[in-house]
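K.L.:
Encoded as structure tokens, here's the structure I'll be asking about.
Rule-based calculations on the coordinates, nothing more; no lab input. Remember, it's a predicted structure, so these values are computed and weren't measured experimentally. All Cβ positions, even for glycine, are placed from backbone atoms using ideal geometry, and neighbour counts span all protein chains on display.
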Amino acid sequence: MLGSLVTVTVMGFIADGEDNGGTADAGTAQVTPAATTVIATECPSHDKTAGQILLFEHQPPFCLDASSTYTAVFDTTEGEIKVVLDTVRTPNTANNFVVLADYGYYDDTLLFRLDPTIAIIQGGAPHTNDWSDRGPGYTIADEGGLFRQSTNGMLGPFTYEPGQLIMARSAGPNSSGAQFFFSSGPEVGRLDGQGSYIVFGDTDAAGLAVLEQIMDLYELDPSSPYGGGPTREVTVRSVTIVATDG
């Protein structure tokens, strides 16, 4: 819930908007939510035969195998981004992303927010395609080191560099849910002073090149609640999880 990047800040955080008000143009990429809230008690397969689910009664179960490596493959309208998920430092965050991806949560959604001042590209909001999205119906616990509250929100142990996959959050503890952002350039290091956005994956040089290409689409727009955006919509067609042994 990074509800705010640097140009438009909500309590100084890049928000995963369940806890925030605010609106944005949802664009034309639309996803029809499941009609009811689902209690997910089983682990979905990576081929997505479980069907698309967007609302859950509570956090899904832990589904990762400690002996496997998990790669999230983002098929976007600007190119493919492969992200190796960190199942050692952030196993529960990685698991949450894997399960949501296997339920088709991120398919046909927009990368709706670009902020070159901190080099982030935000997405993961299937209900509204903006940061005020209601989320999956639950939040997950912070992990990866020591977190503490300050007068301006949370402080955490993470530092940031280009090519990372990072959870958005609100200003409170344990407030990430589903929204994420990519880091596309060194300006993301400006978030080091907060350090509470959970880094749970890294892409390679090819993926970073796609992220840089997406950020190159940015233009200022005074009518945008974010201060600007891409010159054309950038859609995540799908996120597919690939598990490999060893």
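K.L.:
So how do Tyr103, Tyr138 line up by other beta-carbon neighbours within 10 Å, fewest first?
P.N.:
Placing the least packed residue first, the sequence is Tyr138, Tyr103.
K.L.:
So what's the gap between the Cα centers of the stretch 139-189 and the stretch 41-113, to the nearest angstrom?
P.N.:
Centre-to-centre distance over Cα atoms comes out at 18 Å.
K.L.:
Right, another one. Per DSSP H run of at least 4 residues, take -39500 (n - 2.57); add these up for the chain, divide by its residues and hand me the 222 nm value, nearest 500 deg cm²/dmol.
P.N.:
So the helix-based figure for the chain works out to -3000 deg cm²/dmol.
K.L.:
Distance in nm between label sites at Thr117 and Ser224, each 7 Å beyond Cα in the beta-carbon direction?
P.N.:
Once both label points are built, they end up 1.3 nm from each other.
K.L.:
May I pose another question? Out of Ala178, Ala72, Ala209, any idea which swings most in a Gaussian network model of the chain, alpha carbons joined below 10 Å?
P.N.:
Maximum fluctuation in the GNM of the chain, among the listed residues, is at Ala209.
K.L.:
Moving to a separate point now. Would you kindly state how much longer the chain becomes between Ala66 and Asp108 on full extension, computed as 0.36 nm times their sequence separation minus their alpha carbon distance, in nm to one decimal?
P.N.:
The span from Ala66 to Asp108 would gain 12.2 nm if fully extended.
K.L.:
Follow-up. Specify which residue in the list Cys63, Asn92, Gly79 is farthest towards the positive end of the charge dipole of the stretch 42-104, using unit charges on the beta carbon of Lys, Arg (+1) and Asp, Glu (-1), about the Cα centre.
P.N.:
Of the options given, the answer is Asn92.
K.L.:
Per residue and in cubic angstrom, what volume does the convex hull of the Cα atoms of the chain have?
P.N.:
Enclosed volume per residue, from the Cα hull, is 110 Å³.
K.L.:
Gaussian network model of the chain, Cα springs within a sub-10 Å range: biggest mean-square fluctuation belongs to which of Phe181, Phe158, Phe200?
P.N.:
Greatest mean-square fluctuation among the candidates belongs to Phe158.
K.L.:
Taking the Cα centre of the chain as origin, sum charge times position over the Cβ atoms of Lys and Arg (+1) and Asp and Glu (-1), and report the length of that vector in debye to the nearest 20.
P.N.:
440 debye
K.L.:
So for Glu143, Glu80, fewest C-beta neighbours within 10 Å to most, what's the order?
P.N.:
Placing the least packed residue first, the sequence is Glu80, Glu143.
K.L.:
What does a probe at Asp204 reach in the stretch 164-184, counting residues whose amide N is under 19 Å from the point 7 Å along Cα→Cβ?
P.N.:
Counting only backbone N, you get 164-165, 183-184.
K.L.:
Between rounded, prolate and oblate, where does the stretch 161-246 land on the alpha carbon gyration tensor, with a ≥ b ≥ c its root eigenvalues, rounded for a/c under 1.5, else prolate if a/b exceeds b/c?
P.N.:
oblate
K.L.:
Can you find, among Ser224, Leu208, Met154, the residue sitting farthest towards the positive end of the charge dipole of the stretch 153-246, where Lys and Arg contribute +1 and Asp and Glu -1 at Cβ?
P.N.:
Looking along the dipole axis, the top candidate is Met154.
K.L.:
Let me ask another. List Phe180, Phe97, Phe62 from most exposed to least, where exposure is judged by having the fewest other Cβ atoms within 10 Å.
P.N.:
Placing the least packed residue first, the sequence is Phe62, Phe97, Phe180.
K.L.:
Can you tally the net charge around Pro60? Count Lys and Arg as +1, Asp and Glu as -1, for every other residue whose Cβ sits under 13 Å from the Cβ of Pro60.
P.N.:
-3
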